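The values are calculated or read from the model by the stated rules, or taken from the named source; none is laboratory data. Quick caveat: nothing in here was measured; it's all calculated off a predicted structure. Note that each Cβ is placed from the backbone with ideal geometry, even for glycine, and that neighbours are counted across all protein chains shown. To get the accessible areas, we keep the full protein, side chains included, count just its heavy atoms, and leave off ligands, DNA and RNA. Shrake-Rupley method; radii C 1.70, N 1.55, O 1.52, S 1.80 Å.
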Amino acid sequence: MAPNPVDYPASPERTVITASHPNPSLQVTADHNLKSVDAPIYAPGRGEALVHIKATGICGSDIHFWKTGRIGSLVFEGDCIIGHEASGIVLQCGDGVTDLKPGDRVAVEPGVACEACFLCDDGRYNLCEDVQFAGVYPYAGTMQRYKVHPAKWLHKLPDNISFADGALLEPLSVVMNGIKTAGLSLGRGVVVCGAGPIGLISLAAARASGAHPIVITDLEPTRLEFAKDFIPSCITYQVDRTKNDQANAQAIRALFGASEYVAPITVLECTGVESSVCTAAFTARRGGTVMIIGVGKATMNNLPFMHLSLAEIDLRFINRYRDTWPPAIACLSGGILDLKKLVSHIFPLERAQDALHLCADPSNGSIKVLVVDGQEASL
């Protein structure tokens, strides 16, 4: 029998607080359903804080776990509270917490690494195999009113960053890791594959990084229209379903001019869809980089291996992020990036199921959907 989902850390000795307020939460079940549950409220232990979660963004991975029950080796073997893009306010601090106090506004970095393995010792804690990641079974996520989390992984928000902005720091962190790993250059062309939330944040970050020109692709014209309104300097390309990967790649490259030298040196692949990854491989110039930011299926059988090899195209990957929250906060606080337009829908916590259903249906035209608790969480 699968264990019950737990809050961080996984300990049977946690103290439950008897509170006058309920703790509504949204769980994904092992049989691919959603259910609303009044979850227990835990007292913070040593080094922890109890946070009132004010805003949680819905990620594509939340939908994927709901619909399929897994992403790669991450499997929902039981019911679990979802959500990992969050911000809130500290209510209580456990023993040993000196950097936070009740009333502090914070963003939640959801991955809690073991801090004992060789990867953690090397500073690559995002690759820790024993990470306890909020919203990935069996670790309870942020789609609840009250959550205990280690104070080390809570980051103070300046006054000019709202709770809604704070919830966007997690997807921004994903993008910042991808941008850093890809190594964008001033004045060098970039293609962004996919105009979903990660693709749109990648578009904004690439623009702020000085990349030029920037082409963003998608199947849906409405998303490309949004991208053009969001970053007017970008060039849009609607992927043609009647063309194969190479033909779409040729059409994208033509937007940069005829010379191989001006062809895009970097492609940020933000969909994880196999056909898009293949198009990205044929789009990058020889010696260029394809940066995989999107999450895809476990196995891809049609990657153009010899094209990547003969053209010495660097196929790179990221796993979440590390050391990104302080610079991400600086980007929003300093006005380098403004992501407010991405929030298309806001739901109260009590209607979290409705939020997921809306987000799962592409015909609704959502970009980033937030679940909030309290009016002060809204933009």
How many angstrom lie between the Cα centre of segment 48-112 and the Cα centre of segment 248-299? 33 Å
As a percent rounded to 5, the proportion of antiparallel DSSP bridges among beta bridges in the chain is 60 percent
Residues of the chain: accessible area per residue with a 1.4 Å probe, Å²: 44 Å²
At 222 nm, what value in deg cm²/dmol follows for the chain if DSSP H runs of at least 4 each add -39500 (n - 2.57) and the sum is divided by all its residues, to the nearest 500? -7500 deg cm²/dmol
Along segment 137-144, what does the Karplus equation 6.51 cos²θ - 1.76 cosθ + 1.60 (θ = phi - 60°) give for ³J(HN,Hα), rounded to whole Hz, x for Gly and Pro? 3, x, 9, 4, x, 9, 7, 7
Treating only the Cβ atoms of Lys and Arg (+1) and Asp and Glu (-1) as charged, compute the dipole magnitude of the chain about its Cα centre; round to the nearest 20 debye. 760 debye
Pop out the carbon and sulfur fraction of the accessible area of segment 87-127 as a percent, whole number, probe 1.4 Å. 49 percent
Residues whose placed amide H lies under 5 Å from that of Tyr146, excluding near-sequence neighbours: Ile53
Per the 1/(1 + (r/R0)^6) rule, R0 = 25 Å and r from the Cβ atoms of Asn302 and Val75, FRET efficiency to 0.05 is 0.50
Of the options Leu315, Leu303, Cys331, report the single residue whose Cα projects farthest towards the positive end of the charge dipole of segment 192-345 (beta-carbon charges: Lys, Arg +1; Asp, Glu -1). Cys331
Quick one: if you stick a label point 7 Å off each Cα along the C-beta vector at Asn160 and His64, how many nm between them? 3.5 nm
So which of Lys228/Lys341; Lys67/Lys297; Lys35/Lys147; Lys67/Lys147; Lys67/Lys228 end up more than 20 Å apart, counting from Cα to Cα? Lys67/Lys147; Lys67/Lys228
Highest GNM mean-square fluctuation, the chain, Cα pairs closer than 10 Å: which of Pro348, Pro138, Pro232? Pro232
Out of all DSSP beta bridges with both ends in segment 183-331, state the antiparallel percent to the nearest 5. 0 percent
Given the options Val371, Ser162, Asn248, identify the residue whose Cα lies farthest towards the positive end of the charge dipole of the chain (+1 on Cβ of Lys, Arg; -1 on Cβ of Asp, Glu). Asn248
Please turn the phi angles of segment 210-216 into ³J(HN,Hα) values with the Karplus equation 6.51 cos²θ - 1.76 cosθ + 1.60 (θ = phi - 60°), one per residue in order, whole Hz, x for glycine and proline. x, 5, 6, x, 10, 10, 10
Can you tell which of Lys180, Lys54, Lys156 shows the greatest fluctuation in a Gaussian network model of the chain with Cα springs below 10 Å? Lys180
For the chain, with a Gaussian network of springs between Cα atoms less than 10 Å apart, report the residue from Phe163, Phe226, Phe305 with the top mean-square fluctuation. Phe305
Ignoring ligands, DNA and RNA, please state the percent of accessible area on segment 276-316 from carbon and sulfur, probe 1.4 Å. 51 percent
